[in-house]
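One structure is given below, represented as structure tokens, and several questions about it will come after.
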Amino acid sequence: MRLDKYLKITRLIKRRTVANEACDAGRVMVNGKIARASYEVKEGDEIEISLGQKPLKVRVVKVSEYATKETASEGYTVIEP
């Protein structure tokens, strides 16, 4: 699954266009490298998002095409800095 779509489905970023723009601006890193929106997300990847004051770092647990509001957070775990 594409990185921008994964960020939207897991609700880490609310809209896919915002996720795409964040990737283009270099604010999203996967496994320590700046990632493009077309990056294929895999289980075990570590994603760091720098949009606000404090960067958010998560580890991908599950990649699924669909998620409801209740199951969206099951796709990742937050890594403490």
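The values are calculated or read from the model by the stated rules, or taken from the named source; none is laboratory data. A quick note: this is a predicted structure, and the numbers were derived from the prediction, not measured. Positions of Cβ are backbone-derived with ideal geometry, glycine not excepted, and every protein chain shown enters the neighbour counts.
Quick check, is K69 within 11 Å of the chain's Cα centre (by Cα) and charged (D, E, K, R)?
It is false that K69 is within 11 Å of the chain's Cα centre (by Cα) and charged (D, E, K, R).
Let me ask something else. Any idea which of V63, V30 is modelled with pLDDT of 95 or more, buried (at least 16 other Cβ atoms within 10 Å of the Cβ) and under 12 Å from the mean Cα position of the chain (by Cα)?
V30
Another question about this same structure. Kindly provide the set of residues from region 46-78 that are of a type in the set (A, V, I, L, M, F, W, C), under 18 Å from R36 (Cβ atoms) and not in a strand (DSSP E or B), ordered by number.
The answer is L51, V63.
Restricting attention to region 8-18, does a residue exist that is of a type outside the set (D, E, K, R), farther than 18 Å from V78 by Cβ and crowded, with 20+ Cβ neighbours inside 10 Å? Even if it seems obvious, please write down each step before you answer.
From region 8-18, those of a type outside the set (D, E, K, R) are 9-10, 12-13, 17-18; that's our starting set.
Next cut, farther than 18 Å from V78 by Cβ only: 17-18.
From the residues that got through so far, the ones that are crowded, with 20+ Cβ neighbours inside 10 Å too are none.
Checked region 8-18: no residue is of a type outside the set (D, E, K, R), farther than 18 Å from V78 by Cβ and crowded, with 20+ Cβ neighbours inside 10 Å.
Take the conditions within 18 Å of V78 (Cβ to Cβ) and surrounded by 14 or more Cβ atoms within 10 Å (Cβ to Cβ) and apply them to A35. Does it pass?
Here the answer is no, as A35 does not meet what is asked.
Criterion first (more than 12 Å from L3 (Cβ to Cβ) and in contact with a strand residue (DSSP E or B) (Cβ under 6 Å, 6 or more places away or on another chain)) does E74 satisfy it?
no
Enumerate the pairs (first residue in region 32-52 and free of Cβ contacts under 8 Å to residues at least 40 places away in the same chain; second residue anywhere and of a type in the set (D, E, K, R) and in a loop (DSSP other than H, G, I, E, B)) with beta-carbon separation below 8 Å, excluding pairs fewer than 6 apart on the same chain, so at least 6 apart or on different chains.
E43/K62; S50/R27; L51/R27
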